[in-house]
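Before any comments, here is the structure.
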Amino acid sequence: MKKHLVLIVVLVSIPIFLALAVIAIALTVYFTTGKSMQKTNTASSSTTSTAVATKDEIIAQFSGRDAQQWGLDSTGVKTKLDTADKVIALTFDACGSEGGSEYDEDLIQYLIDNKIPATLFINSRWIDANPQKFEELSKNSLFEIANHGTLHKPCSISGKEAYGIKGTANVSEMVDEILGSADKIKNAMGISPKYYRAGTAYTDEICPQVAKDLDEEVVNFSINGDAGATAAAATVRDKLIGASPGDIVIMHMNHPEGGTAEGLKLAIPELKNLGVRFVKLSDYKLK
């Protein structure tokens, strides 16, 4: 009788032990695979991040090249949002320099009060002249901060001029012009700007290539909204009302004496009534 009981216990126990063994193997495979996948994902993330070229690498790559183009829409410069959506991107330059370091508080406050997002292209010297205002703007989620250069120079490989302002003389100066302001923005915000607009917005076709190697995209505009902050309010309004889906508008936030703010106030309600939405550059792919 006892032998029969022992035999029954053994026979009953075998399936239980087998089941436990299968569960143990399954758990081991699960956790091992999970850790392996986690390591793979981590490695993938690090390898897909954009590598920024060094200044020496860029000089070696582009020195001796001759530029064939000069203007506001050289090859590689983005001027529109790549969309048919009824949206426009408002961009505002703060150019720095003597006479260019003011702050149009009325304009910016109107954007804030009406929850209008915008991309702000900030020059290094403007930051130096307005550190507190820059900090406030950089912390406001309505705005994204972009790079408007260090000394507000046109972006040239050979020193070409625009509006009487001499451009960067060579590749080395081009890199310094882009990186000087980018580094200042990064030190203040903890992140590097994604977009660069040269002083005067003039570039050759080498500039966008150099900027790309520095992990920035050169962005100009399809609508000149305030003619360098010289346009009257009515003109600013007319320019904005004429915008089409995907347009990028350039205006200025460093000349409170100009007609930009008042023109904007005239245009925004009309544009909203037309169903137009306002976006940042980063909300859409650019073309």
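Any read-out appearing in this document is the output of simple, stated calculations on the displayed coordinates, not a laboratory observation. Model, not experiment: these values are computed from the prediction. FYI the Cβ positions are ideal-geometry reconstructions off the backbone, even for glycines, and counts take in every protein chain you see.
Annotations
- For Ala227, no residue whose modelled amide H falls within less than 5 Å of its own remains once neighbours fewer than 5 places apart on the same chain are excluded.
- At 1.306 mPa s and 10 °C, Stokes D of region 173-287 from Kirkwood alpha-carbon radius, µm² per second: 101
- The residues Phe143, Phe121, when put in order of fewest to most other Cβ atoms within 10 Å, stand as Phe143, Phe121.
- Packing-based exposure ordering (other Cβ within 10 Å, fewest first) of Met253, Met189: Met189, Met253
- Taking label positions 7 Å along the Cα-Cβ direction at both Asn187 and Lys285, the computed distance is 3.7 nm, reported to one decimal.
- For the cross-link pairs Lys186/Lys265; Lys160/Lys184; Lys55/Lys239; Lys153/Lys265; Lys55/Lys86; Lys139/Lys285, the ones whose C-alpha atoms lie over 29 Å apart are Lys186/Lys265; Lys55/Lys239; Lys153/Lys265; Lys55/Lys86.
- Orientation-averaged projected area, Cα convex hull of region 117-210 (nm²): 5.9
- Pairs of Cα atoms in region 48-94 fall into 10 Å distance bins, from 0 up to the last occupied one, in shares of 16, 27, 38, 17, 2 percent.
- Fewest-first ranking of Ser97, Ser222, using other Cβ atoms within 10 Å as the exposure measure: Ser97, Ser222
- FRET efficiency, 1/(1 + (r/R0)^6) with R0 30 Å, evaluated for Glu135 and Lys212 via beta carbons: 0.55
- Remark: region 276-284, residue by residue, has Karplus-estimated 3J(HN,Hα) of 7, 10, 10, 9, 8, 4, 6, 6, 9 Hz, where x stands for each Gly or Pro and the curve is 6.51 cos²θ - 1.76 cosθ + 1.60 at θ = phi - 60°.
- Long-range amide H partners of Ser74 with built H, under 5 Å: Thr203
- Distance histogram for region 55-283 (every C-alpha pair counted, 5 angstrom bins, percent rounded to whole numbers): 1, 7, 15, 20, 20, 16, 11, 6, 2, 1, 0
- For region 108-257, DSSP calls about 15 percent of its internal beta bridges antiparallel.
- Distance between region 151-174 and region 118-150 - C-alpha centres, whole angstrom: 22
- Region 55-283: relative contact order in percent, alpha carbon pairs under 8 Å with at least 6 residues between: 31
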